[in-house]
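Here's the structure, in structure tokens; my notes come after.
The values are calculated or read from the model by the stated rules, or taken from the named source; none is laboratory data. Note that the structure is a prediction, hence the values are computed from the model and not measured. Reconstructed Cβ throughout: ideal geometry from the backbone, glycine too, with neighbour counts over all protein chains shown.
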Amino acid sequence: MLRQAIDSYLATHNYNRIDLKAVLFDMDGVLFDSMKNHATAWHEAMKRYDMHLSREEAYMHEGRTGASTINIVSIRQRQREATEEEIKEIYQTKSEIFNSLPKAERMPGAYELLKQVKACGLIPMVVTGSGQKTLLERLNRNFPDIFKAELMVTAFDVKYGKPNPEPYLMALQKGGIKANEAIVVENAPLGVRAGVAAGIFTVAVNTGPLPDHVLLDEGANYLFHSMTEFSEKWNSFYQEYK
Ligand code: CA
């Protein structure tokens, strides 16, 4: 199954092999179990402005900018884009609700997987659209001795963000590696789209409520149902790259 996925990737991109050197991890929904809170915050915030965004739909938009998400709902329901002030206000409300919820825990299986990746001599990198100022400190507290500050891509590094391939292309640049020397680990449809568009073998980890096909339809090369499953199967997974 994985062998076929790798062969099909190699054929599509005209590579002889994947010479694995780095694993590029998305953060929300992959390293932290934070998507439930984002989905709840979006749903509740929109409700306060008489607009409807279901929790499940929030997962579909994961990775989009706040303004873009708000406009999609506004156009659908009010046949017009939201004004600058509305966007600011709604996004502020969403952030306040999010911050009032209990802090998201480490995703089960994530640290176990990261330790194995590192033990194999591979470089773990974080590629996130998040712009939290305490991001590195939080990563280091939850995943000691895994990440390096200079090998992270955050909201501060990019202009477009996912689903544009830019963040992943920047990660390759920062790591000094080529597209066939890395894999991407993503939980969201738009994140998968970004990894695939960057020409990198993209592993979807379906940690949310969306059906698997939504991630596979975006071009995910392989899929696990949880980070725990990925961690438990890491050894046999990595063998296929040698
Ligand atoms: Ca994510």
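What to note about this one:
- Going through (1) farther than 21 Å from residue 226 by Cα; (2) part of a helix (DSSP H, G or I) one by one, residue 113 falls short only on (1).
- Cross-chain or 6+ apart pairs with Cβ under 8 Å, segment 20-33 first and touching a residue at least 24 places away in the same chain (Cβ under 8 Å) and assigned by TED's automatic domain parsing to the domain that holds residue 139, then of a type in the set (Asp, Glu) and within 12 Å of the ligand (Cβ to nearest atom): 26/186; 28/62; 29/62; 30/186
- Failed item in (1) within 16 Å of residue 21 (Cβ to Cβ); (2) within 16 Å of the ligand (Cβ to nearest atom); (3) aromatic (Phe, Trp, Tyr), with residue 201 passing the rest: (2)
- Flag not set for residue 108, criterion: closer than 28 Å to residue 240 by Cα, within 16 Å of the ligand (Cβ to nearest atom) and assigned to a helix (DSSP H, G or I).
- Among (1) exposed (fewer than 15 other Cβ atoms within 10 Å of the Cβ); (2) free of Cβ contacts under 8 Å to residues at least 40 places away in the same chain, the one test that residue 158 misses: (1)
- Condition check for residue 82: in a helix (DSSP H, G or I) and either buried (at least 19 other Cβ atoms within 10 Å of the Cβ) or at pLDDT below 95 (or both): no
- When residue 121 is tested against (1) free of Cβ contacts under 8 Å to residues at least 12 places away in the same chain; (2) more than 16 Å from the ligand (Cβ to nearest atom); (3) at negative phi; (4) of a type outside the set (Lys, Arg), exactly one condition is not met: (3).
- Residue in segment 165-184 that is closer than 23 Å to residue 57 by Cβ, modelled with pLDDT of 95 or more and of a type in the set (Lys, Arg) present: no
- Taking each residue of segment 190-219 that is under 17 Å from residue 55 (Cβ atoms) and at pLDDT 95 or above and looking for partners that are among the polar types (S, T, N, Q) and surrounded by fewer than 24 Cβ atoms within 10 Å (Cβ to Cβ) with beta-carbon atoms closer than 7 Å, six or more apart or interchain, yields 207/226.
- Of all residues in segment 37-57, those being within 12 Å of the ligand (Cβ to nearest atom) and over 13 Å from residue 130 (Cβ atoms) number 1.
- Long-range neighbours under 6 Å by Cβ, at least six apart or interchain, first residue surrounded by 19 or more Cβ atoms within 10 Å (Cβ to Cβ) within segment 62-75, second of a type in the set (Val, Ile, Thr): 70/87; 70/90
- Flag if residue 31 is closer than 20 Å to residue 135 by Cβ, within 16 Å of the ligand (Cβ to nearest atom) and under 23 Å from the mean Cα position of the chain (by Cα): yes
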